[in-house]
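Novice: Submitted below is the structure of interest, expressed as structure tokens.
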Amino acid sequence: MRGKFLKVAVVATATAMLATACGGGGSNDETAGKSGGTLRVYNAEPAFLTPSGGDDEPSLYVIRQLYRGLVKYNAQTSAVENDLAESVESTDQKLWTIKLKSGYTFDNGEPVNADAFIRSWNFAAYSPNAQNNGYFMKRIAGIKDVQSTDPDGDGPEKAPEPKAKELAGLKKVDDLTFTVELEAPFSGFPTTIGYPGFFPMAEACVADIAKCNETPIGNGPYKIDGNWQHNVAINLVRSDSWKGDAGKPDRIEYRIFADVDAGYAAFQGGELDVMYTVPPARYKEAKATYGDRMFELAGDSFTYVGFPLYMDEFKDKKVRQALSLAIDRQSIIDAVFDGRFAPASSFVAPSFEGARPDVCKYCQKDVEKAKQLLAEAGGWPAGKKLTLWANAGAGHDQWLQAVGDQIKAALNIDYELKVNLQFAEYLETADKKKFTGPFRLGWGPDYPFMETFLYPLYGTGAGSNNSGYSNAQFDELMKAGDSAASMQAAIPSYQQAEDILGEELPVIPMWWRKEAAIYSENVDQFVWNAVADADYGATSLKQN
Amino acid sequence: MSDLTSAGAAVGGAPVTGDGPPIGAPGGEGKERSASLWADARRQLVRDPVFMISFFYILVVSSMAAFPKLWTSQDPRDCTTDRSRIAPSGEHPFGFDILGCDYYSHAIYGARPSMVIAVMATGGIVVFGGVLGLLAGYYGGWVDSIISRVMDIFFSLPFLLGAIVFLTVIKRQNIWTIAAVLFLLAWPTIARIIRGSVISSKDLDYVHAAKAVGASNGRLMFRHILPNAIAPMLVYATIVLGSFVAAEATLTFLGVGLAPPAQSWGIMISVHQVYFLEDPWLLLFPCGLLVGTVLSFILMGDALRDALDPKFR
Amino acid sequence: MGRYVIRRLLQFIPTVLGTMFLLHYMTSLAIQFSGNPVRALFGDRTPPPALLEAITERLGYGDPCLSQKGNWCIGLFGDRLQSVFFHFDFGINLRQREVTDLVADALPFTLKLLVIAILFEAVVGIAAGVLAGLRGGSFTDYLVKISTVFIISVPIFVLGVVVREFVGVKFGNVLRGQDWIPDVISTGMFSPGFKPDYPFASLIIPGMVLGAVSLATTARLTRTSIMENIRADYVRTAKAKGLTNKRVIGVHTLRNSLIPVITFLGVDIGAAMAGAVVTETIFNVPGIGRLVTMSARTGESSVVVGVVTMLVLVVLVANLLVDLLYAVLDPRIRYE
Amino acid sequence: MTDVNVKLDALPGLDPNALPLEVKNLQVEFRTRNGIAHAVNGVSFDLRAGETRAILGESGCGKSVTAQAIMGILDTPPGFVTGGEILYRGVDLLKLPESERRKVRANRIAMIFQDALSALNPVFTVGFQLAELFRKHRGMSRQDAKARAIELLDLVKIPAARQRVNDYPHQFSGGMRQRVMIAMALALDPEVLIADEPTTALDVTVQAQIMALLAELQQERNMGLVLITHDMGVVADVADRISVMYAGRVIEEAGVDDIYASPAHPYTKGLLESIPRLDLKGQELSAIKGLPPALTNLPSGCAFNPRCRYAQDVCRKDPAPSLLQVSPSRTAACHFWKEVKGDE
């Protein structure tokens, strides 16, 4: 469930790699590849097929073909480009005015206008609707009023009705214009709205969300053929009501697999044209077999080992630095993952604008320095075992064991693994700050903007700050970046904030996932969007 | 999986309905006959090469489980990723696993959890299932009704599904909980076997005779009736030991069994099964040990049944 | 017979209620001790408490007893029974789908798989068992004996993965390279897993894997049973009646020998349903077994309780039918 | 079916005037893991039409094996007929191919088994099991065959035959079941009936009824009867001639009166002495000491010598003599038959 939300702007350096890797890539205005044919792709069972509900990778892969939003990301540069929006503007980074292009409709004929967006965002935000993507509305003014809390925690009383039904920050100006007021200035707002949680929904869809989930009413280049066949398949056909650039394949068939190994077997058996991922243990084999038909890209899924800073043992940053220095990331990656990850030496995905390598000075193995730092910190309590935490059933135990082995070898600290909690319990343990030792967690960006890797994880009191890290200077720098005049202007502040992390090490950065997709001989041009991942609508098939 | 039912059925007859010819056909001449039955059985077993080979294999595996140091001086926890997946060599006959741990010592130490789980769970079902079966069969009436209904509850849960549900719910997956879950789901089978043979031997003449001379209920049950039920129970227990060893591996594959850093054959198999095309030996060694163990238990059970069941003489 | 059936049906009630309560209590304990399954939906990012609560409430995990460790949640159990038996409402899963829908989606696949598995194990298992049993001690006998014990010993997931890779992928790809082989065989039957285009053909191999273990047991049971019966007095009588060998075996021996085998097959339906968990995972069959495993893993107690209760009912009914069939096959048994 | 209306007269070498059954020097061995057991070791006897020949002996002496060998229903393996001849009206059955041999069974030579409960198939009605004979051997329709089955049940005096024809074996009492067995054996009018301990499992009163029924039917049909039994009392009532078997051999062969009057073999004598007699009330019964030998491990010399009170060195060293002529109509396999006989 390690969700991956948005995919990120690929900076100039990465573009070259992309170009060579996918044979020219393909942005929409390029006329590469002919249209037609049926593209059969691997997918897992989505959670929801509604923009307000679907927040997991399999859902997003389908929703992105069924629906379209205000902006989209350039396949190669990942720059934000207007899609349904005519313009997204603000003077103070707090009040944003959004103008829409006219003439777009949903598959059922309803217009895609300002109401469609306001309706959709309100629906997601209103807590009694219980929509997963309500989370993403958190920056819009009035969010607190549409979400109610249980007065006595988990107690017997039910949560009361929220004060308001609609977000106070959303205002319709005219049919094609509306304004969005944020709780606090945020320079990166335009990048966030390309996420499917911000895609519009038809009135008929919101009226019967359950039905819309089974038979989506989209506004994108494809529409569903029949219904969602749960656990079996989702078939899309080209939609006539779409006014933008048409999708390349006539038909996209998502075959649903519960087990990625089973999916890989199906690919080997010639039943799939694209698999957006490869089972870790088969990576080497896939690379050898499919070579030129494997697409690889440094990704932005972050795996880290957090320190419980609420424990005395980890309060001294030298201890944290020493532990990080004891780990040989590349060796673990090679042994356990067949090289499917890239060692991390920073806190922001390398592909992001503003990211720099080696922000972390303690992320290369250096046993001597580690021993020295540990000694300076007064050593490790004698006889105390280091408890390493990970959630059960996701294969984390393997590499965590290797981490433990390396720490034991370098610093002579014996370790034990605590890897038997299922994810829900594990996350609750995280929320309650009950870890008794370094813990494994991951992070995927919410939008292609540096900030997403910084504040949520390390800001004082931020939602996913599981270490309990708090640094006033860091918070200050983040605020400065958020209010900067433009996305570009925000970067220096964010970079300074990241530098603080590089020294203080509230978490040990482990690695970034490498994307690896494979495609069949039927595929003429495979397109990987730097932000939104495999773009099936833009992928073309060989025409015979 | 059907391992368990198959074990039940492999005992012969139909453990489910309890009708049909009683297993072991209690003859009625009592202790004298059963003494010679066991003596005969022992003689036949010692001469049976299949039984002896299986028995020897189980001895070997048990010694691995009990005294791993006899078999290897390596520390299975001494791992370094630099040696990941190095193929077998003279010094390291099983090579190294993906974390670079010596695979041979891993396999030796892996015997313990598998065997301990199987032995504990089997011991549990023999004692608990045996006693409940005895009580239900001996007293009948409402005692039987209650015990039978409780048996039904556990019996109607398909074995693997029940195990998955219990283990995911318990969330503490260690030797104890896995053994407990196997025990919980398997005891009704043995209780049924015992109940069936108790019912059929309850009416034997010598039991009536013992009753007539005023033997207590306890004495009747344990001295006179239980011995008749021992043979089918022993056969079933042997086979079920094998099923449990296999069940541990299957549960581990499904992610509800043991988890690293524990070491067991199940973990070795399920972690390395994805590599079996590249480095087949990573799968073959633990699988071979496991299959050998299960095979041995089943063959031993077969031989025991043949030896103890007069029908097969 | 009628009274017997009614008595058995009445006995179902405590069993089903007991099973349901057991599952209910286990899953309640799970939530009490290890936390709200809804939390896992959000993964690494912490959801606003309001949202978490709303979703929790909607999914029926809002009952306060679920936050008191050790509470039996009798009230919740009562509610569940009421909705199950009076409204046929088994609740919804974390993705807000009706459990009854989930089962309705999954059941056809599992049923097909079961039919294939049971047919396979019955036909091949009985045939192998008869061959071995009639020629006790012969080469065929040893072959059957050893291969069946071997199949029982190999963990089914190893068997499944090996079959998928070698039969489904490697051998299948060879077949797919041949033009003269019909598609239903090359891309249907020998596919690496379930395929919606060939909903039956692509389940044949998974079904055979599922049936393999029970096939071995069936063969062993048939063999033992035949060997017992072939020496029976009535078989000798049949021979003394001057009947052909075919009739002596086919009518007089087989009918008796198959009674325990058929009983086993009936009981095996329940076991096979559970065994389908593994097969369905490996061959990507969207059936019941996979549904339960996934739900148990994500802690969706309503799904687990609902689906397993339904399965238990199926097993109970299957057992009853087997017992009745037993009476039909063996006139000595009369249930009154 | 192939065997519709078998014309057995077509058997090559069939001589209508020859004896219905003649067994010559029959040898049967069982090859077991523990060695070869010579279960039948040169048994010879003959049977005339209408005659009752009793084969007498303790259990395990080979009498049932002999019967099975005659029927050709020996379990092979482990049992093998290794020598001798079994002549039905001059035709050696052992030399016939199985398909021909099968036609002899039930049609010409039929058999009744000891335990009717286990000898009748529990899962078919008695009607089915009777009718099967007519359908398979005579090619009758189901209905005709069933009608014949009912007639047969009437013949063996089963009350309410019309209803009982649809019952299963376990629904009959022991005596009635044995009557069903008899009906089955007589269905195809055989010339020879082998009855293997037909009354052992029954109450004494029922025994008498069954034996009376057998005798009646035998007389009616002028059928030869081989009665295999260990019960001297039954033999005295119905048998014409007796073969006494011990350890796979016939050790004495004589008319029923001769044997009872003066047995010529110590074993026969022992058997007779172990029958309780009303006129000797109060005296201790004498039983034969010791147990019958294991067939895999026969004592050297005469197999009976360890239990024999007449035994001398010659009995322990030399094999027992083949049957010696005691009188024109009787033989005995004992060196000391004169002493045995004279003792009386």
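Any read-out appearing in this document is the output of simple, stated calculations on the displayed coordinates, not a laboratory observation. Please read all numbers here as calculations on a predicted model, not as lab measurements. Ideal geometry is used to build each Cβ from the backbone, glycine not excepted, and the neighbour counts take in all protein chains shown.
Novice: Have a look at C:Asp323, C:Asp268, C:Asp233 and tell me which one the Gaussian network model of chain C (Cα, springs below 10 Å) gives the largest fluctuation.
Specialist: C:Asp233
Novice: For the residues C:Leu9, D:Leu272, what sequence is obtained by ranking on other C-beta atoms within 10 Å, fewest first?
Specialist: On the way: C:Leu9 12, D:Leu272 17.
So the ranking, lowest neighbour count to highest, is C:Leu9, D:Leu272.
Novice: Related question: For a test of the definition: using alpha carbon positions, the gyration tensor, and the 1.5 limit on a/c, classify the protein assembly as shown as rounded, prolate or oblate.
Specialist: On the way: a/c = 2.78, a/b = 2.43, b/c = 1.15.
Here the protein assembly as shown falls in the prolate category.
Novice: C:Leu321: net charge of surrounding residues, Cβ under 14 Å, Lys/Arg +1, Asp/Glu -1, itself excluded?
Specialist: On the way: positive: C:Arg8; negative: C:Asp268, C:Asp323.
Here the charged neighbours net out to -1.
Novice: Using a/c under 1.5 as the rounded threshold, could you call the range A:232-271 rounded, prolate or oblate? The axes a ≥ b ≥ c are square roots of the C-alpha gyration tensor eigenvalues, and prolate needs a/b larger than b/c, oblate otherwise. Spell out each step's value before the answer.
Specialist: Working: a/c = 3.79, a/b = 2.65, b/c = 1.43.
The shape class here is prolate.
Novice: Further question: Compute the angle between helix B:175-202 and the longest alpha-carbon principal axis of chain B, please, reported from 0 to 90 degrees and rounded to the nearest 10.
Specialist: That helix lies at roughly 20 degrees to the long axis.
Novice: Please state, rounded to one decimal and in Å, the Kirkwood hydrodynamic radius that chain D gives when every pair of distinct Cα atoms enters the mean of 1/r. Let's see the in-between values first.
Specialist: On the way: mean 1/r = 0.0471 Å⁻¹.
Roughly 21.2 Å, rounded to one decimal.
Novice: Given a Förster distance of 30 angstrom, what is the FRET efficiency for A:Thr460 paired with A:Asp115, based on the Cβ-Cβ distance and rounded to 0.05?
Specialist: On the way: r = 38 Å, r/R0 = 1.27.
For A:Thr460 and A:Asp115, the calculated efficiency is 0.20.
Novice: Counting only Cα, what are the radius of gyration and maximum Cα-Cα distance Dmax of the range A:299-513, in Å?
Specialist: 16.5, 54
Novice: Still on this structure: Taking the radius of gyration and the Kirkwood hydrodynamic radius from Cα positions alone, what is the Rg/Rh ratio for the range B:60-308, to two decimal places? Don't skip to the answer; put the middle values down first.
Specialist: Values: Rg = 21.7 Å, Rh = 19.9 Å.
Rounded to two decimals, Rg/Rh equals 1.09.
Novice: Ok, one more. Distances longer than 20 Å among the Cα atoms of the range B:75-173: what percent of all pairs is that? Mind dumping the intermediate values first?
Specialist: On the way: 3017 of 4851 pairs.
Pairs farther apart than 20 Å: 62 percent.
Novice: What ranking do A:Thr277, B:Thr250 get, fewest neighbouring Cβ atoms within 10 angstrom at the top? If you can, show how the numbers build up before the last one.
Specialist: Values: A:Thr277 20, B:Thr250 25.
Neighbour counts put them in this order, fewest first: A:Thr277, B:Thr250.
Novice: Please state the Cα pair-distance histogram of the range C:164-254 with 5 angstrom bins from zero: what percent is in each bin?
Specialist: Calculated over all Cα pairs of the range C:164-254, the distribution is 3, 13, 15, 12, 8, 8, 8, 10, 10, 8, 5, 1 percent.
Novice: How big is the range A:382-433 in terms of Cα radius of gyration and Dmax, in angstroms?
Specialist: Values for the range A:382-433 (Cα only, Rg and Dmax): 12.0, 33 Å.
Novice: Give me the base-10 log of I(q)/I(0) for the range C:92-191 at each q in 0.10, 0.21, 0.22 Å⁻¹, Debye formula, one uniform scatterer per Cα, rounded to two decimals.
Specialist: -0.50, -1.11, -1.12
Novice: What is the distance, in nm, between label points placed 7 Å from the Cα along the Cα-to-Cβ direction at B:Arg219 and at D:Arg316?
Specialist: Using points 7 Å along Cα→Cβ, the separation is 4.9 nm.
Novice: About the Cα centre, and with charges only on the beta carbon of Lys, Arg (+1) and Asp, Glu (-1), how big is the dipole of the protein assembly as shown? Nearest 20 debye, please.
Specialist: On the way: 145 positive and 159 negative charges, 869 e Å.
The dipole of the protein assembly as shown has a size of about 4180 debye.
Novice: Count charges around B:Phe276 for me, please; just the other residues with Cβ under 14 Å from its Cβ, Lys/Arg as +1, Asp/Glu as -1. Before the final figure, lay out the partial values.
Specialist: On the way: positive: A:Arg282, A:Lys284, B:Arg85, C:Arg164, C:Lys170; negative: A:Asp261, A:Glu285, B:Asp97, B:Glu278, B:Asp279, C:Glu165.
It works out to a net charge of -1.
Novice: Let me ask another. In nanometres, what is the gap between the two model label sites at B:Val143 and B:Val46, each 7 Å from Cα along Cα-to-Cβ?
Specialist: 3.9 nm
Novice: Another question, if that's okay. With point charges of +1 on the Cβ of Lys and Arg and -1 on the Cβ of Asp and Glu, referenced to the Cα centre of chain D, which listed residue (D:Gln129, D:Ile228, D:Met176) lies farthest in the positive direction of the dipole?
Specialist: D:Gln129
Novice: Can you tell me how the range A:163-316 classifies by the Cα gyration tensor, rounded, prolate or oblate, using a/c under 1.5 as the rounded cut?
Specialist: Judged from the Cα gyration tensor, the range A:163-316 comes out oblate (a/c at least 1.5, b/c at or above a/b).
Novice: Another question about this same structure. With a Förster radius of 45 Å, plug the Cβ-Cβ distance of A:Lys361 and B:Ser89 into 1/(1 + (r/R0)^6) and report the FRET value to the nearest 0.05.
Specialist: On the way: r = 40 Å, r/R0 = 0.88.
With R0 = 45 Å, the Cβ-Cβ based efficiency is 0.70.
Novice: Now for a separate question. I need the calculated FRET efficiency for the pair D:Asn166 and A:Lys138, taking r as the beta carbon distance and R₀ as 56 Å, to the nearest 0.05.
Specialist: Values: r = 81 Å, r/R0 = 1.45.
For D:Asn166 and A:Lys138, the calculated efficiency is 0.10.
Novice: Can you give the local net charge around A:Glu504? Use residues other than it whose beta-carbon is closer than 15 angstrom to its beta-carbon, Lys and Arg +1, Asp and Glu -1. Intermediate values should be presented prior to the final figure.
Specialist: Numbers: positive: A:Lys315, A:Lys317, A:Lys318, A:Arg320, A:Lys361; negative: A:Asp316, A:Asp475, A:Glu476, A:Glu498, A:Asp499, A:Glu503.
Net charge around A:Glu504: -1.
Novice: Pick from D:Ala49, D:Ala247, D:Ala264: which residue has the top mean-square fluctuation in a GNM of chain D where Cα pairs under 10 Å get a spring?
Specialist: Result for chain D, Cα springs under 10 Å: D:Ala49 fluctuates most.
Novice: Could you work out Rg/(2.2 N^0.38 Å) for the range C:99-299, with Rg from alpha carbons only? Each step should come with its number before you reach the end.
Specialist: Values: Rg = 19.6 Å, N = 201, 2.2 N^0.38 = 16.5 Å.
Cα-based Rg divided by the globular estimate yields 1.19.
Novice: Within a 10 angstrom radius of the beta carbon, how do A:Cys205, A:Cys360 rank from fewest other beta carbons to most?
Specialist: Numbers: A:Cys205 29, A:Cys360 22.
Ranked by crowding around the Cβ, least crowded first: A:Cys360, A:Cys205.
Novice: Roughly how many nanometres apart are two label points built 7 Å out from the Cα toward the Cβ at B:Ile53 and D:Asp92?
Specialist: Here the modelled spin labels are 4.4 nm apart.
Novice: A further question follows. From the helices alone, meaning DSSP H stretches of at least four residues, give me the mean residue ellipticity at 222 nm for chain D, per-run term -39500 (n - 2.57), in deg cm²/dmol to the nearest 500.
Specialist: Details: 13 runs with 115 residues, N = 344.
Roughly -9500 deg cm²/dmol at 222 nm, from the helical runs in chain D.
Novice: Next up: Quick one: Cα centre-to-centre distance for the range A:467-544 and the range B:126-194, in angstrom?
Specialist: 53 Å
Novice: So what is the orientation-averaged projected area of the range B:164-313, using the convex hull of its C-alpha atoms, in nm²?
Specialist: On the way: hull surface 47.5 nm².
The number I arrive at for the range B:164-313 is 11.9 nm².
Novice: Out of A:Thr50, A:Thr91, A:Asn74, whose Cα points farthest toward the positive end of the dipole of the range A:32-101 (charges: +1 Lys, Arg; -1 Asp, Glu; placed on Cβ)?
Specialist: The residue sitting farthest along the positive end of the dipole is A:Asn74.
Novice: So if the hydrodynamic radius of chain C is defined as the Kirkwood radius over C-alpha pairs, what does Stokes-Einstein give as its diffusion coefficient at 4 °C and 1.567 mPa s, in µm² per second?
Specialist: 56 µm²/s
Novice: How big is the Cα convex hull of the range A:261-372 in projection, averaged over all directions, in nm²? Kindly include the intermediate steps, with their values, before the conclusion.
Specialist: Working: hull surface 38.2 nm².
Across all orientations, the range A:261-372 yields a mean hull projection of 9.5 nm².
Novice: When the helices in chain A are scored as -39500 (n - 2.57) per DSSP H run of 4 or longer and the sum is shared across all residues, what 222 nm value do you end up with, to the nearest 500 deg cm²/dmol?
Specialist: Values: 17 runs with 154 residues, N = 544.
Rounded to the nearest 500, it is -8000 deg cm²/dmol.
Novice: Semi-axes of the equivalent ellipsoid for chain A, please: Cα gyration tensor eigenvalues, times 5, square-rooted, ordered largest first, whole Å. Don't skip to the end; give the middle numbers.
Specialist: On the way: eigenvalues 287, 171, 95 Å².
Output for chain A: semi-axes of 38, 29, 22 Å.
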